[in-house]
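This report concerns only the one structure given below.
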Amino acid sequence: MPVENGSDRFCQYCGARLKPGASFCNACGNPIREYKAAPNPAVLVQPRPILTQTVMSLFDPRRRYYTVKREWWTWGSGDIYDERGIVIGHMSRRVFSIREAIEFREANNRTTSALIHRKLMAIRDTFEIKDSQEQLLARVKQKIFAPIHPVMWLEDPAEKKILEAQGNFLGFSFRIHDMAGMPVADIDKTDKWKDIFVGGSILDYSQHYSIVINTDIDRRLIVPLAIAIDEAIHEERKRHR
């Protein structure tokens, strides 16, 4: 006798062949229990890894906002904050150095991620930005005759201009763009009114800058640029008052 609708299910109580889709045995009337086959270990879904919070480095390319606070006039030390006011790095002046060198350190204050040197005895203000191994990343130079709207630029190690920073009136804000004219970042002096009204007196011992980065440009170029601007524009202006 042919199998009805080709069913290969059997009642677990009486052994009778079941009709396809039946919930009860047509022979003994007992409910049908469904059994699922054991999963194949070879095709088990791998568990998703537990995500842990990682600490972003000072120059992580995901960072867009920085606040730089230099302390003690031109000594160069100070802290770097993110947009939430959390310390994400430090600046430290190298004491035993014939050049004005400032290190940029991670939040642990032990790991140096970049540094900036000021070139002494130069016709124009020139700074060298280096990585943690002191390999040259870029040079920062200042246009000599631009007292009202100062201009600075960055050159790569081959002396090719890669970025230009144009300042507004008296250089309290700088817009950085690449050589195609595309905006890269903004650097603003957030305590400019103190400079205007206090102007380099003994009470004026710190400098504050905010940095907003719009592209994936290397952060090691932009954050030290704020220090170069402070040294070349604002500190130099104070020396001549």
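Brief remarks on what is shown
- Note, ³J(HN,Hα) from phi for the range 215-228, Karplus 6.51, -1.76, 1.60, rounded to Hz, x at Gly and Pro: 10, 8, 4, 4, 5, 5, 8, 7, 5, x, 4, 4, 5, 4
- Most to least packed among 155-161, 22-28 [average Cβ atoms within 10 Å]: 22-28, 155-161
- Maximal additional length on extending the ALA27-ASP178 stretch stands at 45.9 nm, based on 0.36 nm per residue less the C-alpha distance.
- Cβ crowding within 10 Å, taken as a proxy for footprinting-reagent exposure, orders LEU137, LEU154 from fewest neighbours to most as LEU137, LEU154.
- Model label sites at ARG84 and ASN109, defined 7 Å from Cα along the beta-carbon direction, differ in position by 2.1 nm.
- Burial ordering of HIS117, HIS177, fewest other beta-carbon atoms within 10 Å first: HIS177, HIS117
- Stretching VAL212 away from CYS14 to a fully extended chain increases their span by 63.5 nm, per 0.36 nm per residue minus the current alpha-carbon distance.
- Highest mean first, the peptides 103-109, 138-144 sorted by other C-beta atoms within 10 Å per residue fall in the order 138-144, 103-109.
- Estimated inter-spin distance, LEU136 and GLU71, nm [label 7 Å along Cα→Cβ]: 3.4
- Using a cut-off of 23 Å between Cα atoms, the listed pairs LYS69/LYS130; LYS69/LYS160; LYS69/LYS143 include LYS69/LYS160; LYS69/LYS143 as exceeding that distance.
Coordinate-derived values only; no laboratory data. As the structure is a computational prediction, the values presented were derived from the model and not from experiment. Please note: Cβ atoms are built from the backbone with ideal geometry, for glycine as well, and neighbour counts cover all protein chains shown.
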